[in-house]
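Every number here is computed from the coordinates shown, using simple stated rules; none is lab data. Note that the structure is predicted; figures quoted are calculated from it, not measured. Here Cβ is always computed from backbone atoms with ideal geometry, including for glycine, and neighbour counts include all displayed protein chains.
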Amino acid sequence: TNNPDGMSDMEQARLVRWALSHAIDRQAIVDVLQAGLGTPIYLELMGPKFPGWRPDRTVTSAMVKEAHERYSGDMTEDVLGPGTEWIEYSEYDNAAEPNHEWPWEVPTDKAEAERLLDLAGFPRGNDGIRFEIKMNKYRCETGDVCLEQADAVAADWEAIGVRVELLTEEYGGVVVPPYPVVKNCSVETANYPFDWPPPPSDSTFSRPAWGCAFESKFLDYMYININGERDKQAREDLHLDMVDYYYYWQLYAGMVQPPRGVAANPETVESWNSRSTAAGFWGRPQHIVPAGQ
């Protein structure tokens, strides 16, 4: 009911997600909460340190529309239907700013965030508030630091007029697993080669198990075809279109990526450069180089 004239719900929501992403001061989170360790990340599935990272790349509605049209051959007709019939295809001609170039390297720009919220039909009220959202926070891969990171993001959103209600989730109080687990999808994707698809947990292929799934035929198509494509360059092209799609729709905005590794006694171990795996697990002890060798 609050949509500007001619703007769909999908486009309005996309603009809001971009505004929230522009508001986050990722570098400050790295510098203050992570003691300068790590880097900002702008999409959960692509960022600095990732194969294929292109910091100068931008995405337009026409680029993503063209990808839908390109994936309308026999394969999509047989498996998922032609790409021009996927639900979001009609949205690209109705983009609020069809020529806007949406950046892979999303800058912290609160003025731009406020502009996008105004464009989306969420002006500040008399109390300065645009709308209210709820954010769940819990101890994730970085432990208690995750809780402080959530506080920092909430403060950035409050600065652009978005009231945030923080809900601390005690996951262990809800589910008692037989052994410790990390409640998240596969987030070690900086290890993934550029000719691989991102983790299947981010598509409907993860069902009926729990997953960070997006109900998108476009993403399902990508998983099917990257996995079945024999040509490496073609797989990389598919991956690139997939990342552009994630960026345009802001489906998986990132925050920061901490460094990962294992601790060892330098008096006994000189290095352990284990080979990458799909989930980033450390293994293959034959790669351990003892100190003094």
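Explain nothing, just compute: Karplus ³J(HN,Hα) = 6.51 cos²θ - 1.76 cosθ + 1.60, θ = phi - 60°, for every residue of segment 226-240 in order, whole Hz, x for Gly and Pro.
Coupling constants for segment 226-240: 5, 5, x, 7, 8, 8, 4, 5, 5, 5, 5, 5, 4, 4, 4 Hz.
Where does the charge balance sit around L147 when Lys and Arg score +1, Asp and Glu -1, over other residues with C-beta under 13 Å from its C-beta?
Once all neighbours under 13 Å are counted, the net charge is -4.
Cα-Cα over 28 Å: which of K49/K110; K110/K137; K65/K137?
K65/K137
Assuming a ≥ b ≥ c are the square roots of the Cα gyration tensor eigenvalues, decide whether segment 3-154 counts as rounded (a/c under 1.5), prolate (otherwise, with a/b larger than b/c) or oblate.
Judged from the Cα gyration tensor, segment 3-154 comes out oblate (a/c at least 1.5, b/c at or above a/b).
Relative to 2.2 N^0.38 Å, what does the C-alpha radius of gyration of segment 26-99 come to as a ratio? Two decimals please.
In units of the 2.2 N^0.38 Å rule of thumb, it is 1.58.
For segment 79-172, taking Cα atoms only, what is the radius of gyration to one decimal and the Dmax to the nearest whole Å?
Rg and Dmax of segment 79-172, Cα atoms, are 17.8, 51 Å.
Output ³J(HN,Hα) for segment 139-156: one whole-Hz value per residue in order, computed from phi by the Karplus curve 6.51 cos²θ - 1.76 cosθ + 1.60 with θ = phi - 60°, and x for Gly and Pro.
6, 9, 4, 9, x, 5, 4, 4, 5, 6, 4, 4, 4, 5, 5, 4, 5, 5
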